[in-house]
Each structure stands twice: as C-alpha cells, then as structure tokens.
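The values are calculated or read from the model by the stated rules, or taken from the named source; none is laboratory data. The structure presented is a predicted model; accordingly, all values stated were derived computationally and were not measured. Cβ sites come from the backbone with ideal geometry, for glycine too, and all protein chains shown count toward neighbours. Ligands, DNA and RNA are excluded from the accessible area calculation, which covers all protein heavy atoms including side chains. Shrake-Rupley method; radii C 1.70, N 1.55, O 1.52, S 1.80 Å.
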Amino acid sequence: MAFDWAKTGCPGEHCKRGCRHSFPLAFLLHASHLKSASSVAEAIQEHLFPADNQPSIDALNRLMKSTPFVLIVDAFDEAAHQNFILNQIIEKKLLKHATVVITSRFNFLQSKLEHFDKVYSIEGFNEDQQLLHVKKFAQQVNKPIEHFHSFLDQLKKQLRDLACNPLNLTLLLLLFHENQISFHTRTLLYNEIHHFIVRKASERMKMSEDDIEEKIIRALCRASFEAFNKNQVVFHAQDIGDIADDVLKVGYLTREFAFRGLREEERYAFPHRSFYEYLSAKHLLTTPDHLHVFIQAMQEDFDHWRSVAFFVVGLAGNREEDRSTLLKVVEAIMTTTRFSQQRSLSGHSPCHAILEALNELSHLTPSLEEAIMKQIPECIGLDDDCSSACWNGAVMVDNMDSLKGAEFTLKADDVDNDRLRAAADLQHLRVLRMQLKNPSEEEAKQLKRLLKKNTLEELHLDDCDFNDHMKDALTESFSSMTSLQHIEFRRSIDVKSLKHLHHLRSFRVDEVELTDADVDGLSAAITSWSGIQGVSMRRCHLKDVSRENRRKLFQAMSTWQEVVELWLYGMDIEDADMGEVCSMLTQMKRLKSLNLQWNPLTQEGLRMLRDCLADREEKIDELRVLGNPGYHEVREELRKVCNRLY
C-alpha cells in the first residue's frame, strides 16, 4: 500500500476528499486502544503521549479537524468484539474525512468490506515459498534436500494447513530434523515444541523438566491466560513478577524495549500469538474457575478465543482425567457457533469450527458422540474453503457409530486427489458438486470409489474434463448407483455414460453445444428413464444438429410418461421442430410446467403449441415462452391454454 502511494503520487483531481497521498500527521493505534477509550482523541492522548506531557482532548480534536491525517489501526481481529468506536470509524460515522487504514486477519473483516475504498491482501505462504524455505533450512543444517523428501510429501498432504506460516514450518522442520517425526494436528505440534523448549531449558538451567514446569511454566501459563483475556499482546514486568529472568532463560519470551512518549518501557512478548493461545489452554486444564470464565468469554467473542478452544480440545482429549472438560468445551463450541442450525456451504462459516476442533482428537468417545448427536444438523456442507482439519473432523463425525439422520454435501470447484480421497471416505455423502479438470488415473480411481458406495442422491458435474479416465469411472459406476436421483452437467457432458442410469428422477444440462453424435447418444440413453419427473436443458444449442437427430431426440423424450416439469430453454427449437415437439407433449399426461423461452419460434410455431395444449384434458399450470419472436402476437391466445403465462 505504501508503494502504491509512492508510485501514484498526488493526481490532484482524483482526490475527492482532500489529498490522500501525503499526510502531515499519522497516528498508529492498536484496535484494543479504541475499545477502552471514549473517543479517538482520548485513545491518542492515552497511548501516544507521555503522561506528563499530554495535549488536551479539545486540542487533539481541533488538530484532527484542521490537519489532514492518516489513522492506522492494527489488529482489528484481536479487539473487534464490542468495539463501538472502531466500528463507527469503519462505517464512516466517525472521522469520515480522514484516511483510515485497518489491518486484520482474513476472516474477521469480511462483513465490513463494503465500507472500504480499497482492500489489500497478503497472500498466504504458498507452495513455492514453502519449498524455498525447506531448501534454505537444509542448507543451514548442512543436509541435502533429499533428506527432507518424506517431509515434503507430508507438506503437500497432512501438513498443508500447519505449515501456513514461516514460524510453523521452521518448527516442523526442526522437529523433523532432530527426531524424524511430524504431526497432523496443531496440538500435537505445539506439545512437541513445548517439550523441546523445556528439554533445552533443562539442559541450560541445570534444572529438572518437572521443576521448570512447576516453578516457571505454570506461572507463565497463568500470565498468558490473563493477558489474552485482557487483549494484551505483550507482558509487563508486573505481569510475570519475580520469575521474569527465569522465563527469559526458558526461551518462550523475548525482551523488548518500547518508548511511550519519552519514557523507555521494558516488556516481554512471545514470537507468535499461537504461543499465547497454547499456554492459555494449558492453564485452563488446571484451573476450573478460569475454565468457567473462558467458556463465558468464548460465547461472547468466539473469534478471539477460537484457537484457544481448539488447543483445549486437543489437550483435554489426551488425558482421561480431562474428559469432562473436553465435553464442556465441545458443547460450548457447538452452542456458540450454532452448529445445529448450519445451513451454509462455506468453509468460512463459524458452524465449521467444531469440525476443526474435533480434528485435534485421535478419536471420539461415546459421551462425545452423544453430545454431538444432540446438536448435529440435518446436513453438513463442505466446500473449497474448508481446511484439511475441517475435512478430517467431518470424516470423524461421519464415522460415528451413532450417526443417524444426518448427511453431507460437498461443493468443490477445483477438487484434487486429497479432497477426493477424503470425500470417498464419507459414508453419508448425499450431494456432490464438483469441477474436475483433466483428472489423473488416481483421481478417477478415487471418484469411482466414491460413486460405487451408492450413497449419492445428487451429482453435479460442472465444466469437467471427460477424458478417458473420467469416462471409465462414470461408466463403471453408474450402473450400480441405484440411489442417484438427480444428475446435472454444466458446460460439458459425457453422453455415453448416461445409458447406465435407470433410477433418475431429474436431469439437468446447461450451456452445452450439442453435436449430432451427442444427440444420437442422448436419444438412445434417455428412453430408459421411465421414472424421470423433471428435465431442464438450458442453452443446449441444437443449431448444428441435423433435422433427423432433432426428431430422434423429441421422439425419445416422448417416452417420459411421468415428467412434470420440462425446460427446453434457448435450444434453437424452430417452427419446423414443432410437429415432433407437439407429439412429444401429447404423451406427457402429467406435465405441469413447460418452458420454451428464448427459442426462434414465430407465430406459426407458437400457434401449433397453442393447439397442442388446447387438446389437453387439464390446463398446464405454467407456460414460459417469453423471448420467442412470435410471443407478443399470440400472447393472449396462449393465456387460454395455461393457468400462468410468462
């Protein structure tokens, strides 16, 4: 953003509310500063000036009104809950003429992005950067990159979410390098990091590991929880008392110096927020009174306590004596995030938090399964935004012995082999929406395994590449899929596999340029769909299809005795086709809704339709013919043969 300002300069006429490219004044506040203040001026006075040399609130207000300034507010995600002033600033009800810059982790500002003129994002630690990081680490420890091949394989799969930042990846590499071990949950990773830190401290300080835990770590855990509960991001000397020097020797904290006005201030900080969260969780397992405080605080501001809750679940799941704590926290997560009311397919949905939390466990106890069953929704949706932890948690729920009445749906625009394998592990997957580009043999194998389980009721294939692997998977699976009720294709279609489906209730295909070969194969396949009730073909263009094959298609459709709804939208159906179309409609005795919109039908073709529908024993409920050239001339005539005309 600073580069953008420097590069753009001041275009003058483009600045609608005063120049936003240079600022005589800049104020930097943490979001928590505004939460504890009654005004912006008070926050600036309290946190940016020394106590013995503070300007008055009135003087600061006059300065902000008379001088262009930029207000930078850091860490919205750490103090968003009940932050009235900050929300007023974002919604431009305060400081509407100022330039305001706000930083936040990705998920926390989503509902307020409409109030911003520009949004900048820092892209995640991608695969290329991770590989480069591993290479640099290998050089640092004088090991060939081949030494880390098994680690790199895991990095693409179970470690993908854990290695989301350089710190976590470095820690994973250190543990792998020293012990040749790796982890699939954050709790296991941080447990090992904690043991690593304590073990090294024991060697340096000539103390037993038990003494370090009892005399130093326990106090640090308490201080971490208390600081986290107050939204503090640093410790001061009074927060950790007489053990400050010992804590520094252990290696968890670093000492830093800051200036508040003209005064130097000594303070202590963790290298990453996740250490606050982990040690806070360890404290909660030994302090029942604070556990109650935590559950109440989590219910008020789940985003702030989310990671702490996951660590509590992971830590409590490892010890029999903590099972009651585990049960309380899992129930609180489900209640707070309204798991039982889940409707969203988005992985960003708070409802998915319980799935991520369950991933921290090795298994589900009977009491935990019982608690989950009490709040489980009818449908659990998974999609591209779901993390690997979310998927793993879903598989754990799906495998519960007591699971009844719940089902899973999956929407994945760019599914890969790992996601296909996870989806194939689901025993209660009812709806699958996916896009599969140039599938490999292994991906087709996983798809075949998924389809042959015969659990799917709906299958949506969106712009898929039907190469030989994909076609073989569909052909070999469809004949055994007696549970499949609905299939949908978009932008591409595999016609030959359709002849193996005999139990469909509805069929939809959108935006496909049909060829003579496609129509010939489709005509042969659909005659076996005796129970079909709904068909939608939208923008499936017939313009390059011969008259003979058009005739064969409509004749094949006439075998659909049970069809209730038929959409032939934008298919290039012409007046010359209407003889066969009308013969087809005559056979469809149960038809209630017909859509022939946006075809090139003139008055002649539409009058043939009118005569056909007039001969029916009962009027059809809905007739949609808007967009045909002859519509306006015969509109009133068509109204007489249906209950509703569109």
- Message: I want to check the label-to-label distance for Lys592 and Ala576. Put each point 7 Å from Cα in the C-beta direction and report it in nm to one decimal.
- Response: 3.7
- Task: For a label point 7 Å from the Cα of Ser111 along Cα→C-beta, name the residues of the range 60-90 whose backbone N is under 16 Å from it.
- Result: 76-90
- Item | Straight-distance crosslink candidates among lysines, where the alpha carbon sits under 19 Å from Lys249 and sequence neighbours closer than 8 are dropped | Lys200, Lys206, Lys215
- Query: Where a ≥ b ≥ c are the square roots of the eigenvalues of the C-alpha gyration tensor, would you call the range 524-627 rounded, which needs a/c under 1.5, or, failing that, prolate if a/b is larger than b/c, or oblate?
  - Reply: rounded
- Among the lysines, select those whose C-alpha is under 23 Å from the C-alpha of Lys619, and discard any that sit fewer than 8 residues away in the same chain. Lys589, Lys592, Lys640
- Total charge of the residues flanking Gln603 in space, meaning their Cβ is under 11 Å from its Cβ, with Lys and Arg +1 and Asp and Glu -1, is -1
- Whole-angstrom gap from the range 286-306 to the range 453-468, using each part's C-alpha centre: 43
- What is the spread of the Cα atoms of the range 43-150 along each of their three principal axes, largest first, in whole Å? 65, 38, 26
- Note on the structure: For the range 186-242 (alpha-carbon point model, no solvent) the Debye-based log₁₀ I(q)/I(0) at q = 0.24, 0.27, 0.29 Å⁻¹ works out to -1.03, -1.08, -1.09
- Task: Rank-order 70-77, 235-242, 309-316, 619-626 by packing density, defined as the average count of other C-beta atoms within 10 Å over each peptide's residues, highest first.
- Result: 309-316, 70-77, 619-626, 235-242
- Student exercise, the chain dipole from Lys, Arg, Asp, Glu Cβ charges, in Debye to nearest 20: 940
- Mean projected area (nm²) of the alpha-carbon convex hull when the range 36-94 is viewed from all directions: 4.6
- Item | Accessible surface of the range 555-624 [probe 1.4 Å, protein heavy atoms]: carbon and sulfur percent | 43
- Note on the structure: With the dipole of the range 310-414 defined by +1 on each Lys or Arg Cβ and -1 on each Asp or Glu Cβ, the option from Val312, Ala332, Ile376 whose Cα lies farthest towards the positive pole is Ala332
- Set Lys471/Lys499; Lys452/Lys499; Lys93/Lys230 screened for pairs whose C-alpha atoms are more than 20 Å apart: Lys93/Lys230
- Task: Using only the alpha carbons, work out the radius of gyration and Dmax of the range 378-537 in angstrom.
- Result: 15.5, 51
- Item | Average Cα contact separation per residue, the chain, under 8 Å, 6 or more apart, as relative contact order % | 5
- Note on the structure: The percentage of the accessible area of the range 199-322 (probe 1.4 Å, all protein chains present) made up of carbon and sulfur atoms, to the nearest whole number, is 45
- Query: Which of the listed residues, Ala244, Ser150, Val101, is farthest toward the dipole's positive end in the chain, when Lys, Arg count +1 and Asp, Glu count -1 at the beta-carbon?
  - Reply: Val101
- Task: Check every DSSP H run in the chain and write down those whose alpha carbon atoms cover 24 angstrom or more along the long axis and whose mean Kyte-Doolittle hydropathy is -1.0 or greater.
- Result: 186-205
- Length-normalised contact order of the range 293-424 in % [C-alpha pairs under 8 Å, at least 6 apart]: 24
- Could you estimate the translational diffusion coefficient of the range 336-413 from the Stokes-Einstein equation, with Rh from the Kirkwood formula over C-alpha pairs, at 10 °C and 1.306 mPa s, in whole µm²/s? 128
- Task: Grab the beta carbon distance between His272 and Ser480, set R0 = 60 Å, and tell me the FRET efficiency rounded to 0.05.
- Result: 0.75
- Task: Using a 1.4 angstrom probe, figure out how much accessible area the chain has per residue, in square angstrom, rounded to the nearest whole.
- Result: 49
- Expected 222 nm ellipticity per residue - DSSP helices of 4 or more, -39500 (n - 2.57), all of the chain, to 500: -13000 deg cm²/dmol
- Item | Segment Ser367-Ala517, extension gain: residue separation times 0.36 nm, minus the distance between their alpha carbons | 48.2 nm
- Do the alpha carbons of any pairs in Lys411/Lys437; Lys156/Lys437; Lys118/Lys156 sit beyond 23 Å of each other, and which pairs? Lys118/Lys156
- Label-to-label distance, nm, for residues given as Asp418 and Phe125 (7 Å Cα→Cβ offset): 1.4
- Relative contact order (percent) for the range 211-357, with alpha-carbon contacts under 8 angstrom and 6 or more residues of separation? 18
- Item | Theoretical FRET efficiency, 1/(1+(r/R0)^6), r = Cβ-Cβ of Lys249 and Asn399, R0 35 Å, to 0.05 | 0.15
- Could you work out Rg/(2.2 N^0.38 Å) for the chain, with Rg from alpha carbons only? 1.24
- Item | 11 Å beta-carbon shell around Asn467, net charge (K/R +1, D/E -1) | -4
- Roughly how many nanometres apart are two label points built 7 Å out from the Cα toward the Cβ at His632 and Asp544? 3.4
